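The values are calculated or read from the model by the stated rules, or taken from the named source; none is laboratory data. Computed from a prediction, not measured in an experiment: that's the story for all the values here. Heads up, the Cβs are rebuilt from the backbone with ideal geometry, glycines too, and the neighbour counts pull from every protein chain shown. Quick note on the areas: whole protein, heavy atoms, side chains included, nothing else; ligands and nucleic acids left out. Shrake-Rupley method; radii C 1.70, N 1.55, O 1.52, S 1.80 Å.
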Amino acid sequence: MLTVAGVPPIELMIMSGPDDGTLLRLPAPHSPEGYMIGRREDCDVVLPYDSQISRQHARITFERGVWYLEDMGSKNGTHLEKVKLESQIRVVIDEGQMFRMGRTWLRLQRG
């Protein structure tokens, strides 16, 4: 099932912090550019409790059957597993992979 601009639903599991163990089922992104993650209330995933997360920290996009993770120029960076991503460069993220923003770990459950 595809949604906004062909971006399918996604599931993310929060793996640390006060929402540890919470499964986020996101039926559609707010924007055709993909799922935005950050502290701002207009993000698809809002993580207000982690002060090391930027207002618009990272984005998960979908293109030609592949999911991508991209740091949006955040102050503290985004890590896929233990590798820090370069700002504004998309990298492939597979189901089951964990990523970190600030002190918060998340896992792509289902893409």
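Once you charge only the Cβ atoms, +1 for Lys and Arg and -1 for Asp and Glu, what is the size of the charge dipole of the chain about its Cα centre, to the nearest 20 debye?
In total the dipole reaches around 200 debye.
Kindly list the residues of region 79-96 that lie in the label zone of residue 15, defined by a backbone N under 13 Å from the point 7 Å along the Cα-to-C-beta vector.
What the label zone holds, given the 13 Å backbone N cut-off, is 79-83, 94-96.
Express in % the proportion of alpha carbon pairs of the chain at distances exceeding 26 Å.
Roughly 7 percent, once rounded to a whole number.
For 30, 57, what's the largest-to-smallest order of accessible area, 1.4 Å probe?
30, 57
In region 67-111, what percent of the accessible surface is made up of carbon and sulfur (1.4 Å probe, ligands and nucleic acids excluded)?
Of all accessible area on region 67-111, carbon and sulfur atoms account for 46 percent.
Relative contact order, percent, of the chain when contacts are C-alpha pairs under 8 Å separated by at least 6 residues? Don't skip to the end; give the middle numbers.
Values: 274 pairs, mean separation 27.1, N = 111.
24 percent.
Given 0.36 nm per residue, what is the gain on full extension from residue 46 to residue 81 after removing their alpha carbon distance, in nm?
So the extension gain works out to 10.5 nm.
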